[in-house]
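The values are calculated or read from the model by the stated rules, or taken from the named source; none is laboratory data. Quick caveat, the model's predicted, so the values are computed rather than measured. All Cβ positions, glycine included, derive from the backbone under ideal geometry; neighbour counts span all protein chains shown.
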Amino acid sequence: MKEHIAAVHKQTIAQAAERLFLERGFDGTSISDICAASGYSRRTVYRYFDTKEEILYYIVANGLKQLRDRLTDIVQAEQPFLAKYEHICKAMRAYYEHCPVSARAVREFRPPSLDAVTPTMEAIFSLGTDINDALSRWIEQGIAEGVVRETADVMMTVYVFSAQLHALFDLIETKGAFLLPTLGKTKEQFVAYGQKMILHSLAKEPLP
């Protein structure tokens, strides 16, 4: 019961902090701001989180858990490589759009020295490993089906693929207001074209 209550309090604090991080940025948000937004005293906030950074890591971990679970389900499904590609793109885009603070923090994260790693950060590293493992199995399936080049380095392909998708989503969010009218395209058309180009970069043979 106590663990459940603690989890509820941590989630309430994290949700308030997430809204503030999104509006003001991490550096522009103070613990006092988080206290005011969540309705908790400083003493209560510090009971559940040692630092503001730990609140951010908690938010990052929550977002990555959702992504990990969705990607695992997709990769384990009895579907061909190309069908899974569509679902993986949707899952990655949902993470980017619904967990923007988590996604931004992951992109900007710089690993600290090993002696500075906290349990929450260890959980984040573990989630990242799980996500990469799921995508690796998907790439291996593509190689086995003859869709992906057999010479592809699986783990390097996973990292580049993830970076390409995130760069695509970031581009449309940050510069879409200028690009879309200039190109005469909708947001969905632009994203679909970008995802098609990423898929072509993986393919062994030209795809239709």
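For the subset of region 121-161 comprising residues that are among the polar types (S, T, N, Q) and without any contact (Cβ under 8 Å) to a residue 40 or more places away in the chain, which member is surrounded by the fewest Cβ atoms within 10 Å (Cβ to Cβ)? Steps first, answer last, please.
So the first thing to find is which residues in region 121-161 are among the polar types (S, T, N, Q), and the list is 126, 129, 132, 136, 141, 151, 157.
Still in the running and without any contact (Cβ under 8 Å) to a residue 40 or more places away in the chain: 126, 129, 132, 136, 151.
Details: S126: 13, T129: 11, N132: 17, S136: 15, T151: 7.
Looking at the filtered set, the residue picked out is T151.
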Tally the residues that are touching a residue at least 12 places away in the same chain (Cβ under 8 Å) and either part of a loop (DSSP other than H, G, I, E, B) or closer than 13 Å to I55 by Cα (or both), restricting the search to region 1-10.
2
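Look through Y57, Y48 and report the one residue that is of a type in the set (S, T, Y) and under 17 Å from the mean Cα position of the chain (by Cα).
Y57
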Condition check for V191: closer than 22 Å to F81 by Cα, part of a helix (DSSP H, G or I) and in contact with a Leu (Cβ under 6 Å, 6 or more places away or on another chain):
no
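Can you name every residue in region 166-197 that is under 17 Å from V148 (Cα atoms) and touching a residue at least 40 places away in the same chain (Cβ under 8 Å)?
Scanning region 166-197 gives a single hit, Q195.
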If you go through region 13-25 one residue at a time, do you hit one that is part of a loop (DSSP other than H, G, I, E, B), under 26 Å from E122 (Cβ atoms), modelled with pLDDT under 95 and not assigned by TED's automatic domain parsing to the domain that holds G128?
yes
Would you be able to say whether some residue in region 95-116 is in contact (Cβ under 8 Å) with a residue 12 or more places away in the chain, outside the structural domain of E18 (by TED's automatic domain parsing), surrounded by fewer than 18 Cβ atoms within 10 Å (Cβ to Cβ) and aliphatic (A, V, I, L, M)?
no
Within region 110-119, is there a residue that is modelled with pLDDT of 85 or more and out of contact with any Cys (no Cβ under 7 Å at 6 or more places or on another chain)?
no
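Out of all the residues in region 162-175, which are under 19 Å from the mean Cα position of the chain (by Cα) and either surrounded by fewer than 14 Cβ atoms within 10 Å (Cβ to Cβ) or outside any helix (DSSP H, G or I) (or both)?
A163, A167, E173, T174
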